[in-house]
Number of protein chains: 2
Amino acid sequence: MFSKTCTYAIRAMLFIARHAETDNKLGIKEIAGGIDAPEHFIAKILQQLSKKGLVSSLKGPSGGFYLDKKTGKCTLADIVQAVDGDSLFTGCALGLSHCSEQYPCPLHHEFKKIRKEIHEALKSTRLSEFNEELLQQFTYLKNR
Amino acid sequence: MFSKTCTYAIRAMLFIARHAETDNKLGIKEIAGGIDAPEHFIAKILQQLSKKGLVSSLKGPSGGFYLDKKTGKCTLADIVQAVDGDSLFTGCALGLSHCSEQYPCPLHHEFKKIRKEIHEALKSTRLSEFNEELLQQFTYLKNR
DNA sequence: TAAGTACAGGTCTTTGAAAACATATCATTG
DNA sequence: CAATGATATGTTTTCAAAGACCTGTACTTA
């Protein structure tokens, strides 16, 4: 469903949401260790997200990544779009470039609804909400 | 959503369903030309599907690929599973190996419903049905 | 208080593996 | 034998991953 890069991005952001605040920033090593992801790869992804304003960061000693009031409000849809683009939400399931309402591919109408549901689900989920939810129920981000 | 191989497979099978019958078999060249796919690549995919019994084929002069009563009944879900496996239907959205009902990832419950819908949509669509539908409405399989 | 220095994110380049695509050869059948 | 699917192997492209190096921040210290 998502690209590997995208799943790492989501997991990293969820990890940050759970552990980091303005006065408690997380280093790349901590994040990579916390979600079992390659360090350099997660660094690259987070810098990409930071550039687009989805996560806050600070250089220097005791620096790191964190969420403030602004960045904490970003949705999972924002993350997916920043990493994978919006092909998941708008592209043709069969990869046909000219597929449209007027000239639909055989799967067009079936998948239009499903795509919308996926988009809605991701749009309605803010990182700030996960923060509490994650503390309550048992949800893992590690892969081993 | 699907891999590139998978979209080619679906398009090829839809093309066969529309044009081929037991007494009118389609060669690889015709199929490749009909859906704008690389010839040898589509051959490999169809042989894979043929091996798994999703499409009928015959060697020799005036041979080719076609659908009979048995193969015509296969669903789009069969094709997707044969090519991409069933990771799309069962795998974790975040790629977590231990994600389960008991230890769900943060997206588990949201996506369980969506996955099921995708599976249902693909399962309920038989190639034989598309045959008529395609003849009625204007649906393209080419990409240029 | 202003250089110096260590720390941590940011950028760019290179490597490695896998997916996508192509070529050549073999096997089957009318 | 000729047409056509089956198989095996090779090439290209893409993307995940790693490495080396740059830039900004904050603390130290004379």
Checklist entry - Counting just the residues of segment B:25-41 that are in a helix (DSSP H, G or I) and within 14 Å of chain A (Cβ to nearest Cβ), which one comes out farthest from DNA strand D (Cβ to nearest atom)? => result B:ILE35
Checklist entry - Which of the residues belonging to segment A:79-117 are touching a Lys or Arg at 6+ places or on another chain (Cβ under 8 Å) and crowded, with 18+ Cβ neighbours inside 10 Å? => result A:ALA82, A:LEU88, A:LEU94, A:GLY95, A:LEU96
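Test A:PRO61 against the criterion of being within 14 Å of another protein chain (Cβ to nearest Cβ) and surrounded by fewer than 19 Cβ atoms within 10 Å (Cβ to Cβ), and give yes or no. Working first, answer last.
Details: within 14 Å of another protein chain (Cβ to nearest Cβ): no; surrounded by fewer than 19 Cβ atoms within 10 Å (Cβ to Cβ): yes.
No.
Listed here are the residues, each with its yes/no results for (1) touching a helix residue (DSSP H, G or I) at 6+ places or on another chain (Cβ under 9 Å); (2) of a type in the set (Asp, Glu); (3) over 18 Å from B:LEU107 (Cβ atoms).
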| site | (1), (2), (3) |
| --- | --- |
| A:ASP23 | no, yes, yes |
| A:ALA37 | yes, no, no |
| A:LYS52 | yes, no, yes |
| A:PHE65 | yes, no, yes |
| A:ASP68 | no, yes, yes |
| A:CYS74 | yes, no, no |
Checklist outcome for this item: Residues in segment B:42-63 that are closer than 19 Å to B:ALA77 by Cα, within 12 Å of DNA strand C (Cβ to nearest atom) and in a loop (DSSP other than H, G, I, E, B) total 0
Item to check | Test for B:LEU67: is it modelled with pLDDT under 95, surrounded by 18 or more Cβ atoms within 10 Å (Cβ to Cβ) and facing chain A (nearest Cβ under 9 Å) | outcome: no
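Can you go through B:SER97, B:SER57, B:SER87 and tell me which one is modelled with pLDDT under 95 and more than 30 Å from A:PHE130 (Cβ to Cβ)? It would help to see each step written out before you state the result.
Values: B:SER97 fails: more than 30 Å from A:PHE130 (Cβ to Cβ); B:SER87 fails: more than 30 Å from A:PHE130 (Cβ to Cβ).
Residue meeting the stated conditions: B:SER57.
Could you check segment A:8-24 and list, in sequence order, the residues that are within 11 Å of chain B (Cβ to nearest Cβ) and either open to solvent by less than 10 Å² (accessible area, probe 1.4 Å) or outside any helix (DSSP H, G or I) (or both)?
Residues satisfying the conditions are A:ALA9, A:ILE10, A:ARG11, A:ALA12, A:MET13, A:LEU14, A:ALA17.
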Next on the checklist: Which numbered condition in (1) without any contact (Cβ under 8 Å) to a residue 40 or more places away in the chain; (2) over 30 Å from B:LEU94 (Cβ atoms); (3) more than 7 Å from DNA strand D (Cβ to nearest atom); (4) open to solvent by 60 Å² or more (accessible area, probe 1.4 Å) is the only one that B:LYS52 fails?
Outcome noted: (2)
Checklist entry - Can you name every residue in segment B:3-21 that is away from DNA strand D (no atom under 12 Å from the Cβ) and farther than 17 Å from B:ARG126 by Cβ? => result B:THR5, B:CYS6, B:THR7, B:TYR8
Checklist entry - Somewhere in segment A:122-140, is a residue part of a helix (DSSP H, G or I), surrounded by 19 or more Cβ atoms within 10 Å (Cβ to Cβ) and at pLDDT 90 or above? => result yes
Item to check | All positions within segment B:64-73 that are more than 10 Å from DNA strand D (Cβ to nearest atom) and not in a loop (DSSP other than H, G, I, E, B) | outcome: B:THR71, B:GLY72, B:LYS73
Checklist outcome for this item: Listed by first then second residue, the pairs whose first member lies in segment B:89-111 and is at the interface with another protein chain (Cβ under 7 Å from one of its Cβ atoms), whose partner is assigned to a helix (DSSP H, G or I) and open to solvent by 30 Å² or more (accessible area, probe 1.4 Å), with beta carbons under 7 Å and at least 6 positions apart or on separate chains, are B:GLY95/A:LYS4
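The values are calculated or read from the model by the stated rules, or taken from the named source; none is laboratory data. Here the structure is a predicted model, which is why all the values come from computation and not from measurement. Counting neighbours? That spans all protein chains shown, and the Cβs are built from the backbone with ideal geometry, glycine included. SASA here: full protein model, heavy atoms, side chains in, ligands and nucleic acids out. Shrake-Rupley method; radii C 1.70, N 1.55, O 1.52, S 1.80 Å.
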